[in-house]
Amino acid sequence: MTSTGNRSAIRSNFKRLGWTNPFLKYGVPLISLTILGSLGLAHLQQGWKDVLSAQDDREWQATALSQSLTGEGPVAGAEKKKLNLEEERKKVEVKPFDYKPIPRPKRSEN
């Protein structure tokens, strides 16, 4: 075949493949990139969730060790003392105050 015959054969192959159809030329790549992009973002997002979950697990383990928790609750030496509101009120100094009206700004009549 000659070079012109070879070019016409290539053009006929493109026409046969549907490159003249705008949907196949522009739509299929757009849809495929959209689908592949969403799958890639989902993969990245799942990885980030796994990292956050691992960090949360490590923080919980550190908290459990620092507060000496067991499966049944706090260890006997780490129990909280009872809260007495009267003692707490005595610790906080509250000054009595008077209710005073707030003066309103005077309206100027034009």
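For the range 22-67, what is the Kirkwood hydrodynamic radius in Å, using each pair of distinct C-alpha atoms?
Result for the range 22-67, one decimal place: 13.4 Å.
Test of understanding: what is the full-extension gain from D57 to K106, defined as 0.36 nm times their sequence separation minus their Cα-Cα distance?
11.5 nm
Fewest Cβ neighbours within 10 Å first, please rank E86, E59 accordingly.
E86, E59
Values quoted throughout were computed directly from the atomic coordinates according to the rules given, and no laboratory measurement underlies them. None of these values were measured; they are calculated from a predicted model. Please note: Cβ atoms are built from the backbone with ideal geometry, for glycine as well, and neighbour counts cover all protein chains shown.
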